[in-house]
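Take a look at the structure set out below.
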Amino acid sequence: MNIEEFAQIVDATAVQFNMDEQEIIDLMDLVNKYRFKAYAVMPEFEELASRMIREAGNDVSLKIGPVGFPYGTTPTEEKLAEIKKGLENGAGEFDFTNNIEFIKKGDWDAMLKELKQLVIAAGPNMTTKVIVETPQLTDEEIVKAAEVVLESGATFIKTGTGHFGATTLHHVQLINETVGGRLKIKAASGIRDLKTVEEMMANGVTRFGIGIRGIKGIIEELGG
């Protein structure tokens, strides 16, 4: 794998609450240099990121519209409003933060109902990713959550936000065993080296969410 191939399977992110402007500039410089698949920043930096994309003439990297980020507990109506705003602001993909309370309470019908509404609102041609926060789930919950995301019609199941623990290879393997080949898998949260990327790719992951610090390290591993 070279850097350009790596960039095409990565959503480059700077979504921690302690991000500063220089880290956003560093991220977007890398996004524009290597044309990462997509990017996401915190709302206060969205204007800066969008401006840098335009000035670089980057028509490859997609803006991710975060929905319910990072807790997922906002009401469905608010999430639908975020989708509407995201579409108006040029979102190329959406990452939905699932309400983890649905999972913890075993209210799978409520989870499915909300996710279906979000997928429909995003539109039939929109790439949608559902964050289930695997670091906070039991194995049984991961398996059932993956089945619900598959039924919802979303494009991807995404493992985590990066705010509540690291995704492990075991999490990815569970998801792949449950829905692999029928639902795309995005691994995110705590992925910081090339070995982890390669191991997860061997277990069905086709997209990664990686923060600016992890991206810099992996680019160095790849000779950049």
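Derivation of every value follows stated rules applied to the coordinates shown; laboratory data play no part. Keep in mind that what you see is a predicted model, and the values were worked out from it rather than measured.
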Search the structure for amide H atoms under 5 Å from the amide H of LEU62, placed 1.01 Å from N in the peptide plane, and list their residues when 5 or more places away or on another chain. ALA38, TYR39
List the residues, sorted by chain then number, that are 5 or more residues from THR127 or on another chain and whose placed amide H is less than 5 Å from its amide H. PHE94
Ordered by residue, what ³J(HN,Hα) values in Hz, to whole numbers, does region 47-57 give under the Karplus form 6.51 cos²θ - 1.76 cosθ + 1.60, where θ = phi - 60° and Gly and Pro are x? 5, 4, 5, 4, 5, 5, 4, 4, 5, 7, x
Between region 37-74 and region 163-213, what is the separation of their alpha carbon centroids in Å? 21 Å
Karplus-derived 3J(HN,Hα), 6.51/-1.76/1.60, for each residue of region 189-194, Hz, glycine and proline x: 4, x, 8, 9, 9, 5
Cα gyration tensor shape of region 1-111, rounded if a/c is under 1.5, else prolate or oblate by comparing a/b with b/c: prolate
Diffing region 126-143: the Karplus 3J(HN,Hα) column from phi (6.51, -1.76, 1.60, θ = phi - 60°), in whole Hz with x for Gly and Pro, holds 8, 6, 10, 10, 9, 8, 9, 6, 4, x, 9, 10, 6, 4, 5, 5, 4, 4
Would you grab the residues whose amide H sits under 5 Å from the one on ALA188? Only those 5+ places off in sequence or on another chain, please, with H modelled 1.01 Å from N. THR159, GLY160, GLY209
Pairs LYS37/LYS186; LYS33/LYS216; LYS85/LYS216; LYS84/LYS113; LYS84/LYS186; LYS85/LYS186: which exceed 21 Å Cα-Cα? LYS85/LYS216; LYS84/LYS186; LYS85/LYS186
Thinking of the chain as a set of Cα atoms, what percent of all their pairs are more than 32 Å apart? 12 percent
Normalised Cα Rg of region 98-158, dividing by 2.2 N^0.38 Å with N its residue count, works out at 1.04
Region 134-224: Rg to Rh, with Rh as the Kirkwood radius over Cα pairs: 0.98
